[in-house]
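Beneath this line is the structure, given in structure tokens, with notes to follow.
Readers should treat all values here as calculations from the given coordinates under stated rules, not as data from a laboratory. These numbers were taken from a predicted model, which means no experiment stands behind them. Cβ: placed from backbone, ideal geometry, glycine included. Neighbour counts: every protein chain shown.
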Amino acid sequence: MPSEIRSPRLAVLIDADNTSAKIADGLFEEVAKIGEASVRRIYGDFSGSRSKAWADVLSKHAIIPQQQFAYTTGKNASDITLVIDAMDLLHSGRFDGFCLVSSDSDFTRLAARIREQGIDVFGFGEQKTPESFRQACRRFIYTENLLPSVVKDEQSAASAGKSLQPVSAAVPLIKKVLSQEETEDGWVNLGTVGKQLLNLAPDFDPRTFGFRKLSDLIRKTDKFELQQTESGPISIRLKQRTKT
């Protein structure tokens, strides 16, 4: 009997001081799409009111709290402990990826160091997260997109006024990817486009523009053509100008 292929083992490390507990459900649903959250740790001072909301959801998601008392104002012992734990876990060689949950640019070097080791880093933070940290990750997911009220489908896309960015903001990125793919007729596989978008912009996510699927976002821009053969993959190309 063939052995079952195991999902990638992930270490999920949460900075409680820079992350809202409201994203907890959405966070672990998103992590489950990537792999298995083998380690779930959160760092902060849970004796204070700031992290109390996280204390209420720890047991639901089996998160292990790493208590750090704020002995000195202005010094973040939680960040240092998170980094030490991350390096210990990295050198154990047991993990295929790390999920760093924070909007703090201080973790940029940590993300870069883990990737230097050939391990994937998935960042989770607010849209305000500095670009340095976002670019240091293989993929970066905005936590605003993990809130229940933000998730939309094609039918409710008309309410995209709540989206983080306008649909038009996605057009230059998609055009750039298509320009990098040389094909005789201009058609490019949609899956290839999706992978190249993440290579170009680790924080690219259709949900940022109000859609679940990349294909729905592309249709909404009205700048591209999509085609699909019977039971085949979807392809995309820049909309052709009609000759007069």
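Annotations
- Projecting the Cα positions of Ala169, Ile80, Ile234 onto the charge dipole of the chain (unit charges on Cβ atoms of Lys, Arg, Asp and Glu, taken about the Cα centre) puts Ala169 furthest along the positive direction.
- Cα gyration tensor shape of the range 9-146, rounded if a/c is under 1.5, else prolate or oblate by comparing a/b with b/c: rounded
- Summing Cβ point charges (Lys, Arg +1; Asp, Glu -1) relative to the Cα centre of the range 157-238 gives a dipole of roughly 440 debye.
- The distance linking the range 183-244 with the range 11-44 is 30 Å (Cα centroid to Cα centroid, whole angstrom).
- Over 31 Å between alpha carbons, listed pairs Lys60/Lys213; Lys60/Lys195; Lys195/Lys239: Lys60/Lys195
- As a rough footprinting exposure proxy, the listed residues Ile80, Ile5, Ile218, Ile234 were ranked by other beta carbons within 10 Å of their own, and the order from fewest upward is Ile5, Ile80, Ile234, Ile218.
- Altogether, the Stokes-Einstein calculation at 37 °C and 0.692 mPa s, with the Kirkwood radius of the chain over Cα pairs as Rh, returns a diffusion coefficient of 166 µm²/s.
- Relative protection proxy for 99-112, 163-176, from highest mean packing down: 99-112, 163-176 (other beta-carbon atoms within 10 angstrom).
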